[in-house]
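The values are calculated or read from the model by the stated rules, or taken from the named source; none is laboratory data. Just so it is clear, the structure is predicted and the values come from calculations on it, not from any experiment. Using ideal geometry, Cβ is built from the backbone for each residue, glycine included, and neighbour counts are taken over all protein chains shown. To get the accessible areas, we keep the full protein, side chains included, count just its heavy atoms, and leave off ligands, DNA and RNA. Shrake-Rupley method; radii C 1.70, N 1.55, O 1.52, S 1.80 Å.
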Amino acid sequence: MLSIEEKVAAARKAMEEIEGYSQEQVDKMLYVMSKTIFDHAEELAKEAVDETGLGNVSHKIGKNQNMATNIFADLKGQKSVGVIHRNEAEGLIEIAHPVGVIGSVTPTTNPTITPLGNGLMALKGKNAMIVSPHPRAKKTTTHTIEMMRNALASVGAPKDLLQVIEEPTLDLSQKLMSHSDVVIATGGPGLVKAAYSSGKPAYGVGPGNVQVILDDDLMLMWLQN
């Protein structure tokens, strides 16, 4: 297995290879990545439930399919290559430029859609991404990334735009965060704090799926108004 330093170096090399990609080529990468997850939604859903013991297969199938469809649809029409905006009144031109290697720490709850979503957004801007999966979801996450890597290769793009730490540990996750240009961390409070303390620009997402109480009387009042 490659070291973190070697993975980052491979990611930067892959970014250089797509430096001249057009918007059409970028969106083609996103399309094949999304399609492969959509096509293998059931397989990955079963794998995730078997490995993590969380969720149920039918819900995860829907989640995999919906995210593969919706994230791509949202990103497809957006400019992310070359000149993306001109302000003629002020004489300003906005030119898209990648930020670098994204270090993505992903949770046990979403071993497929978090790598997919983060990967789509990273590659939309011609960035590369290295994933550090939760140890309890490493098999499913690694399989997900490998599918997307193969999808990239099918359109002639370098596979190393997407990589994964096959045997994740806390130390390797921290090392990835310190060597990346931007960190995206999804997990508990400790992980989010570590991301914000990494010394790199970071986006942290803490616990989700919050509990709510639906009151029938209140719902009825809303509907009547």
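Points worth noting:
- Against the list (1) buried (at least 23 other Cβ atoms within 10 Å of the Cβ); (2) touching a residue at least 60 places away in the same chain (Cβ under 8 Å); (3) under 29 Å from HIS40 (Cα atoms), the condition ALA195 fails is (3).
- The residue of the stretch 198-225 that is modelled with the lowest pLDDT, among those that are open to solvent by 70 Å² or more (accessible area, probe 1.4 Å) and assigned to a strand (DSSP E or B), is VAL205.
- In the stretch 30-58, the residues that are under 24 Å from VAL155 (Cβ atoms) form Cβ pairs under 9 Å with partners that are among the hydroxyl-bearing types (Ser, Thr, Tyr) and open to solvent by 10 Å² or more (accessible area, probe 1.4 Å), at six or more places apart or across chains, as follows: VAL32/SER154; SER34/THR69; THR36/SER154; PHE38/THR69.
- Test: residue in the stretch 136-152 that is within 24 Å of ILE61 (Cβ to Cβ) and without any contact (Cβ under 8 Å) to a residue 24 or more places away in the chain: yes
- A Cβ distance below 6 Å, combined with a sequence gap of six or more or placement on separate chains, defines the contacts here; from the stretch 1-26, residues that are modelled with pLDDT under 95 reach residues that are surrounded by 11 or more Cβ atoms within 10 Å (Cβ to Cβ) in the pairs MET1/GLU166.
- For beta carbons closer than 7 Å, sequence separation of 6+ or different chains, a first residue in the stretch 81-93 that is farther than 24 Å from VAL26 by Cβ and at pLDDT 90 or above and a second that is surrounded by fewer than 11 Cβ atoms within 10 Å (Cβ to Cβ) and of a type in the set (Lys, Arg), there are no qualifying pairs.
- For the stretch 123-147, a residue qualifies if it is open to solvent by 10 Å² or more (accessible area, probe 1.4 Å) and either over 12 Å from the mean Cα position of the chain (by Cα) or hydrophobic (A, V, I, L, M, F, W, C) (or both), and the qualifying residues are GLY125, LYS126, HIS134, PRO135, ARG136, LYS138, LYS139, THR142, HIS143, GLU146, MET147.
- One residue from ASP50, ASP74, ASP27 being of a type in the set (Asp, Glu), assigned to a helix (DSSP H, G or I) and crowded, with 19+ Cβ neighbours inside 10 Å: ASP27
- Residue check, PRO107 touching a His at 6+ places or on another chain (Cβ under 9 Å) and in contact (Cβ under 8 Å) with a residue 60 or more places away in the chain: yes
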